[in-house]
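The values are calculated or read from the model by the stated rules, or taken from the named source; none is laboratory data. The model shown is predicted, which means the values in this text are computed figures rather than measured ones. Here the Cβ positions follow ideal geometry from the backbone for every residue, glycine too, while neighbour counts run over all protein chains shown. Accessible surface is based on the protein model in full, side chains and every heavy atom, while ligands, DNA and RNA are left aside. Shrake-Rupley method; radii C 1.70, N 1.55, O 1.52, S 1.80 Å.
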Amino acid sequence: MAIQRPAGEFDYSYAYDMSTIRQRWQWALLLLFLAALYTLPLYASQSIVSLVNRIGISIIAVQGLNLLTGYTGQISIGQAAFMTVGGYISALLVNSLGWPFPAALLAAALGAGVIGLLFGLPSLRVKGFYLTMATLAAQFIIPWFTRQAFPEVLNGAQGVNVNVPVMFGVEFNEPGKYIYLTLTILIVTTTVAHNVSRSRLGRAFVAIRDNDLAAELLGVSLFKYKLQAFFLAAVYAGVSGSLMAHSLRHINSETFNLVDSVILLGMLVVGGLGTNLGAIFGATVVELIIEGATLSAPFFVKLFPATAAGMIQALRPLFFGFTLMLFLIFEPRGLAHRWQLFKAAWRLRPFSH
Amino acid sequence: MNWQLLPQFAVTGILAGGPLALIALGLVLIFKASYIFNFAQGQLLLLGALFTWWLSIGIGLNLWLSILLAVVIMSLVGFAIERLALRPMTGQPLLSIILMTLGLSQALQGLALLVFGGAQRNFPQIFSAEDPYIIATPLVHEGNPINLILKQNLVWSFVVAIVGVVIIGGFFQYTRTGLAMRATSEDHELAQSAGLRIRRIFGISWGLAGVVATVGGVLLATSSGLDLSLSLIVLAAFPAVLLGGLDSIPGTIVGGLMIGLSQGLVKVSKVAVVRNSAEIMPYVVLMIVLLIRPEGLFGQKRIERI
């Protein structure tokens with residue numbers, strides 16, 4: 001995608017050419033937005049804060065999936081399984097060994113990354129749909145492992161309770177405090193994802209996505225870069241899973257399941273594949289739609305009184321499934337693309353053609 | 001290994017693989033015609049069984065009539081899905097198509113729960129669950145003769161499933177429509193230029209998949225009861241499809257039975273963890289297949305050119 005610069009704006013230095021946030025007003029807007037998010041607990045209700053918290057954690061997982069599926073083109077329905085790995089590792093390190101939370105988070109990221117490498121290995125031999133099935137296998141084998149292996153540590157299907165993270169003497173024990181943790185980590189992961197995607201690594205990913213045979217002929221090592229993509233995606237999943245586990249304070253083999261993997265992929269498509277903005281848009285919109293399903297449950301209970309008990313379980317997949325299908329048919333390039341079009345139209349105004 | 005139980009569990013596993021083969025057939029039908037792997041097959045199965053239950057118990061029709069009506073309804077549902085959801089996806093990248101069927105599976109699952117509710121239902125028994133067949137085998141283990149005890153419904157489900165696969169296979173091999181479908185799976189554009197109406201053929205293959213799913217759903221529901229988790233059984237059929245080869249109809253039988261056998265065999269073990277691995281056995285087999293022979297046992301190997 002060619003970068004459209006507004007009229008009259010020129011690059012006077014390489015640093016300026018490479019900068020992401022280019023103008024003072026953009027800095028001001030960004031800082032204002034972040035300030036609004038960080039002060040959210042002061043003026044928003046508890047439920048909104050915890051929703052934003054959940055959106056933030058989802059964004060991290062989708063960012064990782066975007067590096068793997070959006071940029072490298074390797075379709076994975078196993079992202080939630082790697083979240084499970086990260087969640088368990090960080091939970092056990094904090095609970096049993098008493099590690100400080102930041103160290104446990106890093107260990108969770110690396111541990112999930114290594115497991116991700118393992119399930120990425122088939123990508124060297126198979127691709128496309130077959131690879132999707134291999135990642136689906138991860139989605140079955142990893143939860144099974146947590147249920148069956150080391151019952152004295154992992155506690156089988158019951159799962160483990162997770163301690164509240166404590167840092168600098170602060171207990172992050174409610175959404176109003178936890179959100180600072182989520183937002184700070186989210187800023188780091190967004191910066192990393194953005195810089196990965198525009199560096200040598202990101203260009204190699206895109207080359208593999210667009211034509212893997214041609215990329216290999218040009219000297220892009222498929223072996224190296226595909227595994228790096230799997231590693232990065234699983235690292236992001238590990239961070240996200242660890243954050244989610246500490247926020248829910250409990251994890252078992254079903255906390256992150258197949259449906260969550262599908263939802264993460266759906267978020268990616270709704271937002272727009274292969275754009276960093278897309279991960280943020282997609283996760284936000286889909287989380288809001290799922291929240292909308294929960295909120296509209298009382299209305300549907302009147303229509304279908306027989307299903308009153310399972311109404312939320314029925315509406316969430318229903319809303320999500322239809323959103324995904326409608327996006328695939330009418331907006332296959334996602335919200336990020338629509339946002340680009342909007343920006344271009346705004347810049348060319350009033351000559352929009 | 002518990003040798004005394006080995007023959008029993010091996011045979012039971014193979015019998016349980018019969019319905020898997022039928023489910024796998026539904027997947028292969030669609031894949032062969034249109035290169036779409038239908039992740040929503042489990043929900044088609046579920047809907048087929050739910051419609052049958054609703055017609056026979058809810059409305060009170062004769063069981064066989066309700067199965068027939070459910071088959072008709074589900075073939076229409078199959079047509080509708082192809083027309084409304086997948087035709088707009090023609091020419092889209094693989095990810096979009098995979099996500100379309102995944103989104104469809106979520107939407108259908110939610111719809112089934114919304115309309116029918118999530119309660120466990122008693123499905124009418126088609127085959128008797130009483131007096132199992134007892135077959136004496138010449139095998140002897142430590143002086144004890146080994147007898148096979150086979151539940152009637154398991155045996156007859158297996159028979160119906162295999163007969164179903166053979167009928168559909170024969171339809172593919174020996175009828176004009178079957179020939180047209182095979183031609184379409186060979187090359188869409190070539191088939192179109194030879195005068196085949198490939199849209200109609202896509203529609204027919206989805207309709208057939210709906211029929212096969214209904215039969216599979218009824219077979220599973222009659223032996224294990226009907227609730228919304230029925231759609232999860234199809235997750236064991238995905239590996240069966242890949243093992244047999246994505247575009248091979250005989251492969252579905254071999255794949256389904258081998259997955260069933262693998263699940264049966266690990267149950268013989270004396271180690272608890274190995275016994276419990278029956279639920280993930282299909283995916284362990286899947287990983288092995290992907291690493292050793294990704295095209296499956298009977299699938300076509302595709303050569304890539306730039």
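For region B:86-127 and region A:73-129, compute the distance between their C-alpha centroids and round to whole Å.
Each part's Cα centre sits 29 Å from the other's.
Stick to Cα atoms and the Kirkwood definition of Rh, then tell me Rg/Rh for chain B.
Details: Rg = 20.0 Å, Rh = 20.2 Å.
Radius of gyration over Kirkwood radius for chain B works out to 0.99.
Cα extents of region A:238-323 along the three principal axes, largest first, in whole Å?
Principal axes ranked by extent give 41, 31, 19 Å for the Cα atoms.
Given that compact globular proteins tend to follow 2.2 N^0.38 Å, what is the ratio of the alpha-carbon Rg of region B:157-306 to that value?
Values: Rg = 17.8 Å, N = 150, 2.2 N^0.38 = 14.8 Å.
My calculation over the Cα atoms of region B:157-306 gives 1.20.
What accessible area, in Å² to the nearest ten, does a 1.4 Å probe give for A:R333?
Approximately 150 Å² of A:R333 is accessible to the 1.4 Å probe.
In debye to the nearest 20, how big a dipole does region A:46-274 give about its Cα centre with +1 on each Lys and Arg Cβ and -1 on each Asp and Glu Cβ? Could you put the intermediate results ahead of the total?
On the way: 12 positive and 8 negative charges, 95 e Å.
Charge dipole, region A:46-274, about its Cα centre: 460 debye, nearest 20.
Provide the solvent-accessible area of A:I48, counting protein heavy atoms only and rolling a 1.4 Å probe, rounded to the nearest 10 Å².
Rounded to the nearest 10, that gives 80 Å².
So if the hydrodynamic radius of region B:257-298 is defined as the Kirkwood radius over C-alpha pairs, what does Stokes-Einstein give as its diffusion coefficient at 25 °C and 0.890 mPa s, in µm² per second? Display every interim value, and only then the final one.
Working: Rh = 10.8 Å.
The diffusion coefficient I find is 227 µm²/s.
Among B:N276, B:A221, A:Y71, whose Cα lies farthest out toward the positive end of the dipole of the protein assembly as shown, if unit charges sit on the beta carbon of Lys, Arg (+1) and Asp, Glu (-1)?
Of the candidates, A:Y71 comes out farthest on the positive side.
With the convex hull built on the Cα atoms of region A:46-274, state its orientation-averaged projected area in nm².
On the way: hull surface 47.8 nm².
The Cα convex hull of region A:46-274, projected and averaged over all directions, gives 12.0 nm².
Could you compute the longest span of chain B free of trypsin sites (Lys or Arg not before Pro) located in DSSP loops and having at most 16 other Cβ atoms within 10 Å, not counting the site residues?
On the way: sites that count: B:R197, B:K270, B:K301, B:R302, B:R305.
For trypsin sites (Lys or Arg not before Pro) (loop position, at most 16 other Cβ atoms within 10 Å), the longest site-free span of chain B is B:1-196.
How big, on average over all directions, is the shadow cast by the Cα convex hull of region B:1-154, in nm²?
Working: hull surface 51.3 nm².
Result: 12.8 nm².
Need the per-residue list for region A:327-348: every residue with at least 50 Å² less accessible surface in the complex of protein chains than in the chain by itself, probe 1.4 Å, sorted by number.
Relative to the lone chain, where solvent access is computed with a 1.4 Å probe, region A:327-348 loses at least 50 Å² at A:L328, A:I329.
Taking only protein heavy atoms and a 1.4 Å probe, what accessible area per residue, in Å², does region A:46-274 have with all protein chains in place?
Details: 8240 Å² over 229 residues.
Each residue of region A:46-274 exposes 36 Å² on average to a 1.4 Å probe.
Quick check: with the 1.4 Å probe, what order do B:L297, A:L295 take by accessible area, largest first? Don't jump to the answer; show the numbers that get you there.
On the way: B:L297 75, A:L295 125 Å².
Descending order: A:L295, B:L297.
Counting only the heavy atoms of the protein chains, how much of A:E291 is accessible to a 1.4 Å probe, in Å² to the nearest 10?
Spelled out: A:E291, probe radius 1.4 Å, area about 50 Å².
Please give the helix B:249-266 orientation as an angle from the longest Cα principal axis of chain B, in degrees from 0 to 90, rounded to the nearest 10.
30
A:K226: which lysines have alpha carbons under 17 Å from its alpha carbon, excluding same-chain residues fewer than 8 sequence positions away?
A:K127
Can you send over the carbon and sulfur percentage of the accessible area for chain A, probe radius 1.4 Å, protein chains only?
Working: 11380 of 16650 Å².
On chain A, the fraction of accessible area on carbon and sulfur atoms equals 68 percent.
According to the Cα gyration tensor, what semi-axes, each the square root of 5 times an eigenvalue, does the equivalent ellipsoid of the protein assembly as shown have, listed from largest to smallest in whole Å? Don't skip to the end; give the middle numbers.
Working: eigenvalues 378, 181, 130 Å².
Those come to 43, 30, 25 Å.
Using each residue's phi in region B:22-33, evaluate 6.51 cos²θ - 1.76 cosθ + 1.60 at θ = phi - 60° and report the 3J(HN,Hα) Karplus result to the nearest Hz, with x for Gly and Pro.
5, 5, 4, 4, x, 5, 5, 3, 6, 5, 4, 6
On a 0 to 90° scale, report how tilted helix B:41-53 is relative to the longest principal axis of chain B, with both axes built from alpha carbons and the result rounded to the nearest 10.
Approximately 70 degrees, to the nearest ten.
If you take every DSSP beta bridge whose two residues both sit in the protein assembly as shown, what share of them, in percent to the nearest 5, is antiparallel? Before the final figure, lay out each step's value.
Values: 11 of 11 bridges.
Taking every DSSP beta bridge within the protein assembly as shown, about 100 percent pair in antiparallel fashion.
Are there chymotrypsin sites (Phe, Trp or Tyr not before Pro) in region A:1-75 that DSSP marks as loop and that have at most 14 other Cβ atoms within 10 Å, and which are they?
Values: sites: A:F10, A:Y12, A:Y14, A:Y16, A:W25, A:W27, A:F33, A:Y38, A:Y43, A:Y71; in loops: A:F10, A:Y12.
Within region A:1-75, the qualifying chymotrypsin sites (Phe, Trp or Tyr not before Pro) (loop, at most 14 other Cβ atoms within 10 Å) are A:F10, A:Y12.
Quick one: P(r) of region B:127-228 from all Cα-Cα pairs, 5 Å bins, percents rounded to integers, in order of increasing distance.
2, 10, 14, 14, 12, 10, 10, 9, 7, 5, 4, 2, 1, 0
When the helices in chain B are scored as -39500 (n - 2.57) per DSSP H run of 4 or longer and the sum is shared across all residues, what 222 nm value do you end up with, to the nearest 500 deg cm²/dmol? Each step should come with its number before you reach the end.
Details: 12 runs with 194 residues, N = 306.
Using -39500 (n - 2.57) per qualifying helix, the result is -21000 deg cm²/dmol.
Tell me: how much accessible area in total is hidden between A and B, 1.4 Å probe, Å², nearest 100? Spell out each step's value before the answer.
On the way: alone 18700 and 15430 Å², together 29980 Å².
That pair of chains buries around 4200 Å² in total.
Calculate for chain A the 222 nm mean residue ellipticity that helices alone would give, adding -39,500 (n - 2.57) per DSSP H run of length 4 or more and normalising by residue count, nearest 500 deg cm²/dmol. Intermediate values should be presented prior to the final figure.
Values: 17 runs with 248 residues, N = 353.
Helix-only estimate at 222 nm: -23000 deg cm²/dmol.
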